[in-house]
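Working notes for the structure below.
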Amino acid sequence: MSENPQKNGKNNGAGFWLLLFGIALAFYFINESKRSPENVRGESISQRAPEPPAATVTDIAPRKISDSNDPSATLQIPFSRPVKTAAVNDLLVDPAGTLWAATEAGIVSIRNDQIKHYRLADGTFPFPQAQCLAHDGSRLWAGTLFGLCVFNENKRFVRAEASRGLPSQMIWDMTSDGKTLWVGTQSGAAFLGKDDNFVVIDEEGSNGGLRQNWCQRIFRVENWFVASHDNGISLWNTSFPAANPEWWKNIDHARSGLTRPVTDFAFDGKYLWLSTPRGVLHLTTPVSRFFSDFMPNLVSYSRVHGLPADRINSMIHHRGALWVATNEGIARIKNEHIQLISPESGNFARHIRKLAASGDLLWLGTDNAIQFINTAMVD
Amino acid sequence: MMVKRHYLRFVAFLKSLDIYQLLSLPVLLLVIMFSGDFRTTDIRIGVILPLTGAGSLRAGSHRNGLELALKHINAQGGINGRKIRLETRDSKGSATLAAELARDLIYETEVVSLIGGLSPAETRVIQQVAENAQVPFLTALCTHHEITENGSIFTFRSITDDKSQFEALAEFSARRFNCRKPALIYDSTLYGAESAHKYMEICIKFGQQVCAAVSYQPDSLNFRRQLQVIQASNPDALVLLTPADIAAIITRQAREARFNHPILGGNHLSLPEYSTVSGVYAESVITTMPFNPRLGGQRADYFLSEYYDTYSSQADSFAALGYEALMLKVLALRAGEANRLAIRNSLAQLHGWESVAGSGGFDNHGNQVRPAEIAIIKERQKIPVNLEALF
């Protein structure tokens with residue numbers, strides 16, 4: 001008789017633990033299913049099934065219904081199947097040929113059809129979003145709105161020690177000239193010195209040479225450092241000290257009619273190009289003559305000249321042409337001739353936020369995917 | 001009997017559990033609570049305003065308007081049973097701080113939408129962070145034309161912008177005073193120069209040509225030199241593109257220097273500090289007014305009385321625009337799901353609405369289509385020109 005309560009108690013206990021485990025497991029899976037993004041680690045581009053038509057709430061609806069271009073004016077070529085990601089902020093092809101994408105959900109890498117995600121949720125990326133990428137020849141760097149990260153030998157992104165030396169942890173852009181890492185932040189720009197410490201360039205330190213500290217886009221061309229900010233563009237001849245404003249050139253928004261923000265830069269080997277919300281601007285002074293007779297003359301290409309939209313998000317000079325990404329697709333400017341590019345069939349996201357090139361491939365980072373086209377097919 | 005039997009069985013079940021099992025019951029409860037993700041019950045909207053420092057009076061009124069709207073919405077049961085919560089942050093007038101606040105609200109507080117911005121620099125930086133993260137952003141205070149002219153997708157503005165104000169001023173001065181040669185005084189900051197450039201561009205459409213455009217350095221109090229330059233060019237109107245307190249000083253000095261032509265200015269001349277500082281010299285000055293209670297009808301009457309009951313002060317235009325801003329977000333939330341893209345898409349489809357500030361709507365750039373309203377200052381009161389005959 002005395003064994004029965006114990007036995008019953010044990011049975012009850014086992015049932016209780018089973019119930020507890022079952023409930024916890026059920027809630028865990030319910031919760032995980034709410035949170036888990038669509039992306040699957042290690043998926044293959046070529047094996048990925050076609051995406052189902054997206055629901056209304058995952059698409060950006062046009063502000064007006066008539067936002068479409070005449071399809072007859074476009075060159076139709078095949079586009080790769082989109083790899084679904086969060087909104088892409090930057091693309092980079094590293095020296096080994098891996099494509100890296102900085103997205104609103106972390107980092108995505110694509111190499112030989114293998115896709116890998118680096119996210120806060122799985123501990124492979126320390127921040128919720130990634131803004132920009134740069135490779136200085138030996139290390140891959142990721143800039144975020146929370147600080148600077150570096151890709152380490154454990155194949156993870158970790159917060160970089162050097163990040164503390166930046167003027168702000170809000171990093172908007174990065175670039176590298178192959179040796180030195182340059183960073184544009186909310187409170188000034190900086191470059192990484194030989195001792196792995198950042199040297200800061202700001203309005204105060206440059207004695208007004210850099211007209212404003214919010215460096216939204218930065219660019220290196222020959223011996224010039226170019227930064228776009230809220231007042232316009234500042235160009236510094238890096239052969240001379242930044243503290244001397246005489247070695248800086250400036251183009252102001254108000255005086256030059258330059259529309260904010262300057263979203264990207266490109267260099268065609270002779271001239272500097274700027275992308276803005278009002279089209280592409282061509283700076284008519286050759287870079288080689290910036291120092292002697294710099295004139296802020298800008299020639300514009302916009303929708304009225306045949307671009308798919310006025311708002312230019314990104315551009316790149318690749319194989320003798322300027323490739324332009326807009327909210328309405330991509331176009332190519334070659335020998336002052338504009339050609340629109342659209343997919344032969346299927347869908348592609350029209351809001352292209354970033355371009356990168358490697359070999360014949362032109363990578364497109366959109367607001368929800370990564371795709372590529374073969375530029376050899378355009379000619 | 002049935003209930004008693006079940007009760008006794010339940011008590012027996014509890015008695016059969018050992019101490020560890022009993023202690024684990026609260027843990028089970030916590031697991032269930034956190035798995036349910038109760039944090040998402042409220043719909044969070046981020047607000048970034050310069051609540052201290054320059055512009056804090058306007059921002060404070062705006063916040064009061066937003067909070068009154070919040071009170072009314074939540075009293076009605078919120079949106080589909082979910083309450084709205086405002087996550088309000090003080091940018092202290094710093095664009096850098098505003099950027100960090102926008103970042104934290106988006107990625108850490110996980111707001112579904114943002115409202116705020118007063119100065120163009122502050123508004124632009126919030127806009128950039130919001131556009132980047134694809135979060136709908138509504139400004140109801142910043143009037144700089146470029147905010148909705150830069151190809152943005154997630155940005156909306158519910159206040160009438162500078163361009164509309166300048167068009168209304170140029171059109172009215174041409175029609176009413178046959179003005180053909182206005183002169184401008186603008187502050188030498190970037191915003192002032194851009195505004196002057198825009199005014200010169202717009203007034204040509206109304207047959208006007210700016211005959212003199214003179215800037216001044218910040219902290220100036222004596223504008224005799226600027227006024228001499230202007231009077232030498234013999235203008236038939238003076239347009240002030242300056243902050244309210246500076247505009248008041250210029251108005252006084254211009255009238256004392258016997259400048260008898262009309263003086264005009266945008267929304268800043270409708271601020272109380274303009275009338276207070278310029279005193280009787282503000283008489284007959286032409287301004288635009290961002291909020292005319294008569295256009296809002298009964299909605300405006302209700303808002304004004306509720307505002308007075310809540311804050312024991314009269315609601316100004318900034319409060320009304322704050323009230324309108326949150327009501328627009330509610331319209332968007334009611335039209336779709338409470339996620340960022342759905343809110344953005346619903347706002348983009350809001351081509352017409354009725355609110356405390358009257359009829360309004362967003363154009364294809366997300367900008368307010370409501371035309372700027374012209375008022376004349378009479379005895380320190382702003383009288384809409386269509387009602388001028390009554391006074």
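The values are calculated or read from the model by the stated rules, or taken from the named source; none is laboratory data. Everything quoted here is computed from the prediction, not taken from an experiment. Don't worry about glycine lacking a Cβ; one is built from the backbone with ideal geometry, like all the others, and counts go over all protein chains shown.
Data for the structure
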item: Condition met for residue B:159 (outside any strand (DSSP E or B), more than 26 Å from the chain's Cα centre (by Cα) and surrounded by 19 or more Cβ atoms within 10 Å (Cβ to Cβ)); result: no
item: Residue that is of a type in the set (Val, Ile, Thr), under 30 Å from residue A:258 (Cβ atoms) and without any contact (Cβ under 8 Å) to a residue 24 or more places away in the chain, where the choices are B:229, B:280; result: B:229
item: Candidates B:315, B:325, filtered to the one that is surrounded by 18 or more Cβ atoms within 10 Å (Cβ to Cβ), closer than 18 Å to residue B:142 by Cα and of a type in the set (A, V, I, L, M, F, W, C); result: B:325
item: Helices (runs of 4 or more DSSP H) wholly inside the stretch B:261-375 containing at least 3 residues that are within 14 Å of another protein chain (Cβ to nearest Cβ); result: B:317-335, B:340-348
item: The listed residue being outside the structural domain of residue B:284 (by TED's automatic domain parsing) and in a helix (DSSP H, G or I), out of B:105, B:118; result: B:105
item: Identity of the residue in the stretch A:265-293, within 12 Å of chain B (Cβ to nearest Cβ) and either in contact with a helix residue (DSSP H, G or I) (Cβ under 7 Å, 6 or more places away or on another chain) or not in a loop (DSSP other than H, G, I, E, B) (or both), that ends up surrounded by the fewest Cβ atoms within 10 Å (Cβ to Cβ); result: A:279
item: Residue B:227 vs. criteria in a helix (DSSP H, G or I) and not small (Gly, Ala, Ser); result: yes
item: Residue match in the stretch A:230-253 (condition: assigned to a helix (DSSP H, G or I) and within 14 Å of chain B (Cβ to nearest Cβ)); result: yes
item: Odd one out for residue A:262 among (1) among the β-branched types (Val, Ile, Thr); (2) under 21 Å from the mean Cα position of the chain (by Cα); (3) part of a strand (DSSP E or B); result: (3)
item: Enumerated strands (runs of 3 or more DSSP E) restricted to the stretch A:152-205, each holding at least 1 residues that are of a type in the set (Phe, Trp, Tyr) and within 14 Å of chain B (Cβ to nearest Cβ); result: A:171-176
item: Residues satisfying the stated conditions in the stretch A:346-379, i.e. surrounded by fewer than 17 Cβ atoms within 10 Å (Cβ to Cβ), in contact (Cβ under 8 Å) with a residue 60 or more places away in the chain and among the small types (Gly, Ala, Ser); result: A:346, A:358
item: Total residues in the stretch A:249-272, condition of a type in the set (Phe, Trp, Tyr) and either at pLDDT 95 or above or farther than 17 Å from residue A:294 by Cα (or both); result: 2
item: Subset tally (residues that are buried (at least 17 other Cβ atoms within 10 Å of the Cβ) and modelled with pLDDT of 95 or more) for the stretch B:6-59; result: 10
item: Within the stretch A:303-317, considering residues that are more than 14 Å from chain B (Cβ to nearest Cβ) and modelled with pLDDT under 95, the one surrounded by the fewest Cβ atoms within 10 Å (Cβ to Cβ); result: A:304
item: Selection within the stretch A:353-379 - in contact with a helix residue (DSSP H, G or I) (Cβ under 8 Å, 6 or more places away or on another chain) and either of a type in the set (A, V, I, L, M, F, W, C) or not in a loop (DSSP other than H, G, I, E, B) (or both); result: A:357, A:361, A:362
item: Residue A:94 vs. criteria in contact with a His (Cβ under 8 Å, 6 or more places away or on another chain) and away from chain B (no Cβ under 14 Å); result: yes
